[in-house]
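Here the structure is laid out as structure tokens; the discussion comes afterwards.
A short reminder: the numbers here are calculations on the coordinates, not readings from a lab. What you are looking at is a predicted structure, and each value in this text was computed from that prediction instead of being measured. We place every Cβ from the backbone using ideal geometry, glycine too, and count neighbours over all the protein chains shown.
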Amino acid sequence: MSDELDVVEAEFVDSDDQRLPAARSGGHGIDIGGFDRDTVLVAGRPLPAEFTAPEYAAGDFVISEEIAQLLGESTVPNTERNRQARIRVFQRWCAERGRVALPCTTATLIEYVGWMILSDVYDPNTVSDYHSTVVTWQERETPGNTRPGTIQTSRMIAAFRRKWSATKTERQSPAILEADLEEMVADCDRDHRQGIGRRDAAMLTMGWHLLSRRIELAHLVPVHAELHPDGIAVRLVARKTRKDGSVFEAWIPARDDAPHLCPVRRLRAWLEYARTVRMPLDQALFRALDKAGRLQVRLTPQTRPKHRDGQPKADHEIAVEEWVELSYLSGDAVNTIVKSRARKAYQHVADLSEQQRVESGYNALLHEATAKAVTAHGLRAGGASALREADVPEDQIAEMGDWRKDSAAMRRYFRRIRVRKQNPWATARTGRLEGRNAPPL
């Protein structure tokens, strides 16, 4: 028999003298009527006194309006908007079918997931994301944190993923490699609209070298991008995976090897223009501009801040931090800029043969179809791919791009690189080339 003590699972009972029975003794003489599976007591030790719950008053459940505002600010705005949009889809679906949305039944959740699968609109990742949002919403918003059963829906999504993968591939932006980036930045240089070409070139080169998400680019402010002669010290204050709110600090070095792609040179050029239009240093770094090159804000009836009673604020009532929020480009706007630059850049290489585009190192601009499929995520994928191609360790790339070290998404970018380098035919070809170039004996 093991010398280690076994434990008896029980709730605390009221006794000053009783001791728990020896291990495996069966517990004779101990009242186990109130025991449950979550309490652990050590055999042979005295029974602790029974826990008596305190009597709470109404004040124990109330938080102040100021603290409630802090609580509301604890969520990342973009993430919260996405969550609310997914919940509204589920609520509309339930309303159209006369089903209760909150709390929903397991059957309702199964029917909803099945509807998404059969609609032929959503891919497996989207179905999984919407499913997770609805389940989490049920847990948070219902008394007792109840949730519908998810065993069946998880199996449905897994089966859908297998079937979908047999005939389709995940929609993913082509990686913008360095050759693609050169053409896209060259298109910015051809843009004669006041300030827009400078802004876009700075955005492209910073996003590519920083491996940033589009919303991270949109939410940069000038004081978070400190220019130095040999690089840019960047502070990202709202990275997706940093749930503790900690700041990510990165260094983007100057590119003496490729001055036209140098983020330092491009950012300095944009800031020089920004000073001429008096861009505030505490608002967005990459601003919307009108045709005359003047600063714009996203002030619409939908985005205009409101009072607590729901009434829109007048311009003079809008707080400083609200003006900062209004100065940001949306993530969709950043995406539109990148997509537009890719399509225009392709027009300047379209006359080349496909073989010439291959030899030039194009990936996003390899075909018209790939150029049209480019999104802002291609900057992130392309920068990461370029680093891995140069044999930078994956853990360093993961830290730079804010991925988990075992991230499947990150490794998917590297799969082609890894397969190409480790392919036996590539090894044989390298050996033959080395043999041809070896000096005669």
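Side notes on the structure shown:
- Distance between modelled label sites at Gln172 and Glu139, nm, 7 Å Cα→Cβ extension: 2.8
- Label zone at Ser407, where the point sits 7 Å out along the Cα-to-Cβ direction: segment 180-223 residues whose backbone N lies under 19 Å: 204-220
- Charged side chains reduced to their Cβ positions (Lys and Arg at +1, Asp and Glu at -1) give segment 175-441 a dipole of some 640 debye around its Cα centre.
- Estimated FRET transfer efficiency (Glu359, Asp189; beta-carbon r; R0 30 Å; 0.05): 0.80
- Of the residues Tyr346, Tyr413, the one with the fewest other Cβ atoms within 10 Å heads the list, and the complete ranking is Tyr413, Tyr346.
- Once the Cβ-Cβ distance of Arg81 and Glu317 is raised to the sixth power relative to R0 = 30 Å, the FRET efficiency obtained is 0.85.
- Relative contact order %, segment 327-419, counting alpha carbon pairs below 8 Å whose residues are six or more apart: 24
- Against the rule of thumb 2.2 N^0.38 Å, how large the Cα Rg of segment 78-167 comes out: 1.06
- Using the Cβ-Cβ distance between Val247 and Lys291 with R0 set to 51 Å, the FRET efficiency from 1/(1 + (r/R0)^6) comes to roughly 0.90.
- With K and R counted +1 and D and E -1, the other residues having a Cβ less than 10 Å from that of Tyr328 yield a net charge of +1.
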